[in-house]
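J.: Before we start, here is the structure in question, set down as structure tokens.
The values are calculated or read from the model by the stated rules, or taken from the named source; none is laboratory data. What you see is a predicted model, and the numbers here were worked out from it, not measured in a lab. Cβ sites come from the backbone with ideal geometry, for glycine too, and all protein chains shown count toward neighbours.
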Amino acid sequence: MSQAQSSQHRGPYRGVFPVVPTVFDEAGRLDLDGQRRAVDFMIDAGSQGLCILANFSEQFVLTDEEREQVMQAVLKHVGGRVPVIVTTTHFATHIAAERSRRAQDLGAAMVMLMPPYHGATIRVPELGIHQFFKQVSDAIDIPIMIQDAPVAGTPLSAGFLARMAKEIEHVSYFKIEVPQAAAKLREVIAQGGEAIVGPWDGEEAITLMADLDAGATGSMTGGGFPDGIRQIMDPYQAGRREEAMDAYQRWLPLINYENRQCGLLAAKALMEEGGVIRCGRPRAPIAPLHDATRAGLIELAKRLDALVLRWGH
């Protein structure tokens, strides 16, 4: 798919944009047929957009060649049905810029990056982070989402994020998933004004209601139950806060179980159980879910009649 094919989705982007898991077979090889089925399910379940090659996609266990295979397969298969965000994080500025340009050329609607970091101690100061995002921005013509997540171990103040939004052309979306996310979203919006096109919630939507109240307009969740997150987001965005709160209370046990017990393994476990994909295993050295943990996840999803458990049967 070319950049022109993604033009039907120009933004601003709002709503539920879950992370697509990377699907492997029993031997740990890419399962691109399963990948396509996962995408079809997620769109049928109400995803208003998708994100690929994120941390919840196990991007860190993929070779560069595999990243390219997944990106091509997903963008071609989506075929413009929904906008797709491609994660292009890398420590090296020129590689991040090249990845972002490649994603744009294949039809990505947006790219998402964390600030450059390596291991537990190698960090880049604010000047270097600003230059990093400026060079990525200069290489593309689509929006950049900055992922503000604890995994990077890099403090990004609300003021600094707002300044980058004002000073760097394509930096306009922010996925905030740090402690007290709502307070930070509120401050980023206050300081950044119109430059903040997309203040977004993350961390599997565990703080979604507080983040929506703070001004979040999008949510990037796990991929297992977009239908449930839509039940929260849709009424909220239509001004029906009490209805949204009721839905949040219904779905929160499952959201919490994903966030605290399963992590990135939840979506594939649900998809495997529901016949969306054949194999829900991660790639080594990540261990599969314990049978008891998996059973707890399935039990909660069944209570909610999540589409993922019915879609493939």
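J.: Which condition number in (1) surrounded by fewer than 22 Cβ atoms within 10 Å (Cβ to Cβ); (2) not in a helix (DSSP H, G or I) is the one that Gln231 fails?
T.: All conditions are met except number (2).
J.: Would it be correct to say that Gly215 is in contact with an Asp or Glu (Cβ under 6 Å, 6 or more places away or on another chain), of a type outside the set (Lys, Arg) and at pLDDT 95 or above?
T.: Here the answer is no, as Gly215 does not meet what is asked.
J.: I would also like to ask the following. Got a number for residues in the stretch 104-135 being acidic (Asp, Glu) and in contact (Cβ under 8 Å) with a residue 60 or more places away in the chain?
T.: Of the residues in the stretch 104-135, 1 are acidic (Asp, Glu) and in contact (Cβ under 8 Å) with a residue 60 or more places away in the chain.
J.: Restricting to the stretch 92-120, name every residue that is in a loop (DSSP other than H, G, I, E, B) and modelled with pLDDT of 95 or more.
T.: Ala92, Gly107, Ala108, Ala109, Met114, Pro115, Pro116
J.: Let me ask something else. Looking at the stretch 250-305, which of the residues that are basic (Lys, Arg) and surrounded by fewer than 22 Cβ atoms within 10 Å (Cβ to Cβ) is nearest to Thr221 (Cα to Cα)?
T.: Arg260
J.: Still on this model: Is at least one residue of the stretch 64-80 in contact with a Cys (Cβ under 7 Å, 6 or more places away or on another chain) and not in a helix (DSSP H, G or I)?
T.: no
J.: Go through the stretch 193-228 and count every residue that is in contact with a Leu (Cβ under 7 Å, 6 or more places away or on another chain) and either part of a helix (DSSP H, G or I) or among the acidic types (Asp, Glu) (or both).
T.: Looking only at that region, the number is 4.
J.: In addition: Identify the residue in the stretch 47-63 that is of a type in the set (Ser, Thr, Tyr) and surrounded by 18 or more Cβ atoms within 10 Å (Cβ to Cβ) and, among all such residues, is nearest to Ala306 (Cα to Cα).
T.: Ser47
J.: From Phe41, Phe60, grab the single residue that is of a type in the set (Phe, Trp, Tyr), without any contact (Cβ under 8 Å) to a residue 60 or more places away in the chain, out of contact with any Pro (no Cβ under 8 Å at 6 or more places or on another chain) and in a helix (DSSP H, G or I).
T.: Within the list Phe41, Phe60, the selection yields Phe60.
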